[in-house]
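For reference, the structure discussed in these notes is given below.
The values are calculated or read from the model by the stated rules, or taken from the named source; none is laboratory data. Remember, it's a predicted structure, so these values are computed and weren't measured experimentally. A quick note on method: Cβ atoms are made from the backbone with ideal geometry, for glycine too, and the neighbour counts reach across all protein chains shown. Calculation scope for accessible area: heavy atoms of the full protein, side chains included, ligands and nucleic acids excluded. Shrake-Rupley method; radii C 1.70, N 1.55, O 1.52, S 1.80 Å.
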Amino acid sequence: MSLFRRIFSSKSKSDQKSNERHIEDRSKYMPEIDLPIDESFMMNFKRNGGKFLYCDTENEVLDSFDNILIENDWYEKDVCSFDIGLEHKFSGFNLNFVKTSSASFFFATCEYLIADSGAILVSSNQLRGKKLTELPDNFVILAATSQLVKNIGEGLKGIKEKNKNSIPSNITTIKDFEPQKEKDFLSYGSSSKNLYLLLLEDL
C-alpha cells in the first residue's frame with residue numbers, strides 16, 4: 001500500500017501534523033532521516049509552498065479539479081495548455097483552452113516529481129518553447145505516484161530512457177510555489193508559481 005494512501009486514509013490530521021513537526025523541528029546539523037521517497041516528496045513539496053491534492057481514482061481527480069476551479073473562480077476562464085489529452089479529458093469544465101500566457105492558469109502534466117527537493121521536473125513536452133516566466137502565475141499539474149523519483153539525476157535518466165530517439169529540450173524544475181504578492185523590479189524574472197498538484201495513485 002502506498003504511503004499516500006496510508007497517510008490519507010488512516011491518520012488523523014493531528015497525527016500528520018505532529019509527525020511533520022517532529023521532522024521539521026530537527027536541527028539541520030543532525031543526520032538526515034532516510035524517508036521513503038513519497039513521504040520525502042510530500043514534505044518538501046509542502047515546505048516549498050505547494051498545494052497538494054491526493055487522488056485515489058480518476059473521479060477524485062475530476063472532483064479535486066472542480067474544487068480548484070471553484071476556489072479560484074476559474075470557471076469559464078482561459079486556461080493555457082499545450083496538452084491535447086488534458087483538453088479532451090477535462091472538456092466538461094467549460095474552460096477555454098488557449099496557448100497564451102494571459103490565461104488564468106497553466107494546466108499540464110510533468111516528467112517527474114523529485115523527492116529530495118519537492119520539485120516538479122518539466123520539459124518541452126509540457127512547456128513547448130516557453131520559459132516558466134512566460135507562463136501564467138498559477139499552475140495546475142497532473143501527475144501520478146509512479147512519477148516519483150528520489151533525485152534530479154534519476155529524473156534526467158528517466159527522461160533519456162523514455163525519449164531515446166529525441167530527448168526533449170527546455171528541461172527545468174519548478175520548486176518555488178510562493179508567488180510574489182506584488183510585482184516589482186526585484187521579482188522580475190522570478191519563476192515562482194502558485195501551484196496545485198493533482199496526484200493520482202497508480203501503484
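Solvent-accessible area assigned to carbon and sulfur over segment 55-203 amounts to 47 percent, based on a 1.4 Å probe. Taking a threshold of 23 Å on the Cα-Cα distance, which of the pairs Lys46/Lys89; Lys51/Lys150; Lys89/Lys150; Lys99/Lys164; Lys46/Lys160; Lys46/Lys164 fall above it? Exceeds cut-off: Lys46/Lys89; Lys89/Lys150; Lys99/Lys164; Lys46/Lys160; Lys46/Lys164. Classify segment 25-135 as rounded, prolate or oblate, taking a ≥ b ≥ c as the square roots of the eigenvalues of its Cα gyration tensor: rounded when a/c is under 1.5, otherwise prolate if a/b is larger than b/c and oblate if not. Since a/c reaches 1.5 and a/b is larger than b/c, the shape of segment 25-135 is classed as prolate.
Could you estimate the translational diffusion coefficient of segment 72-203 from the Stokes-Einstein equation, with Rh from the Kirkwood formula over C-alpha pairs, at 20 °C and 1.002 mPa s, in whole µm²/s?
Details: Rh = 15.5 Å.
Calculated translational D: 138 µm²/s.
Each peptide among 162-171, 74-83, 107-116 gets the average number of other Cβ atoms lying within 10 Å of its residues, and from highest to lowest they stand as 107-116, 74-83, 162-171.
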